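Novice: Pasting in a structure now, in C-alpha cells, and then I'll have a few things to ask.
The values are calculated or read from the model by the stated rules, or taken from the named source; none is laboratory data. Bear in mind that the values here come from a model prediction, so they are computed numbers and not experimental data. Quick reminder, even Gly has a Cβ in these numbers, built from the backbone with ideal geometry, and neighbours come from all protein chains shown.
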Amino acid sequence: MSGFCSEMVPLVNNVYARNPISLNGDWHYIVDVQEEGYYDYRRQPMSWGFFRNAKPQKPSDLIEYDFSKSPTMHIPGDWNTQDASLFFYEGTVWFGRDFEYKKKDGVRTLLYIGAVNYDSHVFLNGKEVGAHIGGFTPFNIDVTEEMKDGSNFICIKADNKRSAENVPTLIFDWWNYGGITRDVLLVEVGERYVENYKIRLDNDDLELIHFELNLNKKIRGENVRLRIPELNVNESLQTDRYGSVEKTLRKRAELWSPENPKLYKVYIDYNGMSIEDEIGLRSIKTVGKQILLNGKPIFLKGISVHEEKAYGGGRANSTDDARLLISWAKELGCNYMRFAHYPHNEFAVREAERQGMLVWSEIPVYWTIDWTNTDTYLNAENQLREMITRDWNRCNIIIWSIANETPHGNARDRFLSRLSNYAKSLDDSRLISMAMEVSSASNYVNRLNDNMNKYVDVISFNQYVGWYRDVHDAPKMTWEIPYDKPVIISEFGGGAKYGYHGDKGERWTEEFQENLYKENLAMFEKIDGLAGITPWILKDFRSPRRVLPGVQDYYNRKGLFSDNGEKKLAFYVLRDWYSKR
Ligand code: GCU
C-alpha cells in the first residue's frame, strides 16, 4: 500500500486471544451519497476531506460536516437495519469516533478490522492508514506511528456500491448489508510477535500432530514454547532463519467429531506474551466417493445458511447470533453447515466448532464474475487468503469453496483452476470444492459435466428439480456424475410462505415445499457416491431480488424456518430423513 506511513501487515490470527482493546460501540456516521467527503468537485481525491474531522477555528471558517453532531449507530452492525432511510442504500457512509489510548514503549499497535462491506478507507487522526476491498474478511494495519498518546480520532469510509469487477459482482441473491459489520480492535504486540500458527492432526497418521508458526520477522533462534497441558506437551522450540518453527509430535489424542467436539487448550508463549487457543484434532480426506472423518466414512447432514440474524434480518456478528442459528440446524439433525456465500464471522465458526458442526466456508466468487480482469482475480485470491489465514486452525471447517454457480468457459476455467491451486498452496490439509450446477435434464437424465472436476476434491452442485425446473418430475430423474469423487448436493429446495397452506401443486404453499423435499430426498437415494447435502436454506433471508408482494416482500422464502423462526412443513420431512441416516 503506497502513500501510507503506517502499514497493512499480514493478518494475525486468533486476534481475540491477544488481549485486544475494543473500539466497538456507538460511532457517528455521515451518509455521503456523492463522496463529497473524499473527492473535490473535479472528482479528485482531496486532502481536506471528512477524515480530517476539522472544526471551525474562527467564525468565518467554512466546515460543512461535523461528526460530533451527526447521528450514531452501533458498530459492529450494518446500516440497513439501524437507519430505516438506509434500508436500500448503496453508497458511501463515513464512520467516526474519538477514543483514548495510552502508548507504551516497545509496543506496536495493530488496528484489526473484522470486516467492512465492501470498499473501505481507514483514517487515524486525519491520515489515511490503510484501505481494503472485500466485505467478509479481516485486515489489520500497523498504526503505531499515527497513534497519539491520549485522544485519537478514527474514521472509516465504507462504500458498498456494487460493481462488475467486484467480488461478488453486480448481482447476488442476498441483501447488500453495508458498513462496519464486524469488530474493530486494537491489538498490542511487541516489535517481534507471532504472526500466525497452524496446528493440525495428520490426515493419514492419527497420532501425528503438526505445528507450524511464523513470526512477523525473519529471525533465527527465537525461543517459542508450545504447551498442550492435557497431552503433556511442553515443547521449547527455536525459529529458523525465516522466523518460522515446524514441529511434529506423536501423541494419542481424543479426536474431534460432531459426536465428540473435543477441543484442547493450547498455549503459545513468545516474547513475554502467551496466546491461548482451543484446538480440535481430526483428520479429513476422501477415498474414492467417500468422505472420511478420522478415518471413517461420514454422511454430511447439512443445511445452507446466510450470515443474517435469526429474526428480522441484519448481519449476524456475534456468538449469540450464531448459537441460535446453529441450534435450529441441530433441531434438524444436522452435523454440517454450508456458510454461504462468503466467509462468516469468526464467532460463528468457533461456535460451530464448539457444538460439533462441520462447516463449508466459501468466498463470494458468485455467478458471473469478471473472469478476465486481473484485479478481480487478485481480489478473489486475497479474500481466499484472508479466509484461510483467519480460520486455518478451526478443525470443523473441512471444505474451502472457491465459487458458486459459475458459467462454463475458458476464462472461468483459468480463473478457478488458478484459485484452486492457490487454495491448495495455502492449505493442503482440507478439501477444496465449488458449487457447480446441473440446471437441466434430457429425458430425465441429469448429467454433471464440468472441467473443474479436476480441481476439486469433492464434486458439489446445486440443482433445483421441482422449483426452477421439472416440477414433480423428481421421481423419474436419474443422475450421471462421471467422477470418482464424493458428491455433495450443495443446494436444492423451493419457496413457501409460512402459514400459507393449500394443495401440494400450488406454489408458495407449505405443502408444495414439503412435497418438493419428499420427492428430492427420495431422488437422492439413487445418486451413487452421495456424501452429503446442504438444502437451500435454513431460514428465509432478505434479498433485493425477491419482490413478490404478500409472499416474498424482499425475502427469499426457501427457508425451512420463516424469518420469524417458525418451522415450515418441509422442516419435519428433512429432520425425519436425517434421523434415519
Ligand atoms: C442459487 C444461489 C443462491 C440463491 C438460490 C435461489 O442457487 O446459489 O444464492 O439464493 O439459488 O435461487 O434461491
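Novice: Does the range 112-130 contain at least one residue that is in a loop (DSSP other than H, G, I, E, B) and either within 16 Å of the ligand (Cβ to nearest atom) or among the polar types (S, T, N, Q) (or both)? Steps first, answer last, please.
Specialist: Of the residues in the range 112-130, the ones in a loop (DSSP other than H, G, I, E, B) are 114-115, 118, 125-126.
Now drop any that are not either within 16 Å of the ligand (Cβ to nearest atom) or among the polar types (S, T, N, Q) (or both), which leaves 125.
Yes, the range 112-130 contains a residue that is in a loop (DSSP other than H, G, I, E, B) and either within 16 Å of the ligand (Cβ to nearest atom) or among the polar types (S, T, N, Q) (or both).
Novice: Got a sec? Which of L237, L186 is in a strand (DSSP E or B), at pLDDT 95 or above and farther than 30 Å from G130 by Cβ? Quick ask: steps written out before the conclusion?
Specialist: On the way: L186 fails: farther than 30 Å from G130 by Cβ.
Every option except L237 fails the conditions.
Novice: Being of a type in the set (A, V, I, L, M) and buried (at least 19 other Cβ atoms within 10 Å of the Cβ) is the filter; apply it to the range 442-465 and report the residue that is nearest to L416 (Cα to Cα).
Specialist: Ranking the qualifying residues of the range 442-465, first place goes to M452.
Novice: Can I ask one more? Please state which one of I402, I363, I369 is within 16 Å of the ligand (Cβ to nearest atom), more than 14 Å from the chain's Cα centre (by Cα) and closer than 14 Å to M434 by Cβ.
Specialist: I369
Novice: Additional query: Pairs please, first residue from the range 207-225 and within 30 Å of S283 (Cβ to Cβ) and loosely packed, with under 13 Cβ neighbours inside 10 Å, second anywhere and at pLDDT 95 or above and not hydroxyl-bearing (S, T, Y), Cβ atoms under 7 Å, 6+ apart in sequence or on different chains.
Specialist: E207/R250; E207/K251; E207/R252
Novice: On the basis of being under 27 Å from D149 (Cβ atoms), more than 22 Å from the chain's Cα centre (by Cα) and surrounded by 20 or more Cβ atoms within 10 Å (Cβ to Cβ), does W94 make the cut? Full working, then the answer.
Specialist: Numbers: under 27 Å from D149 (Cβ atoms): yes; more than 22 Å from the chain's Cα centre (by Cα): yes; surrounded by 20 or more Cβ atoms within 10 Å (Cβ to Cβ): yes.
Yes, satisfied.
Novice: If you check D563, D528, D553, which single one turns out to be assigned to a loop (DSSP other than H, G, I, E, B), among the acidic types (D, E) and within 17 Å of Q463 (Cβ to Cβ)?
Specialist: Every option except D528 fails the conditions.
Novice: Right, here's the next one. Looking only at residues that are of a type in the set (A, V, I, L, M) and within 15 Å of the ligand (Cβ to nearest atom) in the range 425-441, which one is surrounded by the most Cβ atoms within 10 Å (Cβ to Cβ)? I'd like the intermediate steps shown before the answer.
Specialist: Applying the first criterion (of a type in the set (A, V, I, L, M)) to the range 425-441 yields 426, 431-432, 434-436, 438, 441.
Retained after the next criterion (residues that are within 15 Å of the ligand (Cβ to nearest atom)): 434-436, 438.
Numbers: M434: 27, A435: 25, M436: 24, V438: 20.
Within the range 425-441, the match that is surrounded by the most Cβ atoms within 10 Å (Cβ to Cβ) is M434.
Novice: Only residues in the range 252-273 that are part of a strand (DSSP E or B) count as the first member; pair them with residues that are at pLDDT 95 or above and polar (S, T, N, Q), Cβ under 8 angstrom, at least 6 apart or cross-chain, and list the lot.
Specialist: Y267/S274; I268/S274; Y270/N223
Novice: Please go through the range 522-581 and give me each residue that is over 30 Å from P297 (Cβ atoms), more than 16 Å from the ligand (Cβ to nearest atom), out of contact with any helix residue (DSSP H, G or I) (no Cβ under 7 Å at 6 or more places or on another chain) and not charged (D, E, K, R), ordered by number.
Specialist: P549, G550, N564, G565
Novice: Can you tell me which residue among V465, V471 is of a type in the set (V, I, T) and modelled with pLDDT of 95 or more?
Specialist: Selected residue: V465, the only one of V465, V471 that is of a type in the set (V, I, T) and modelled with pLDDT of 95 or more.
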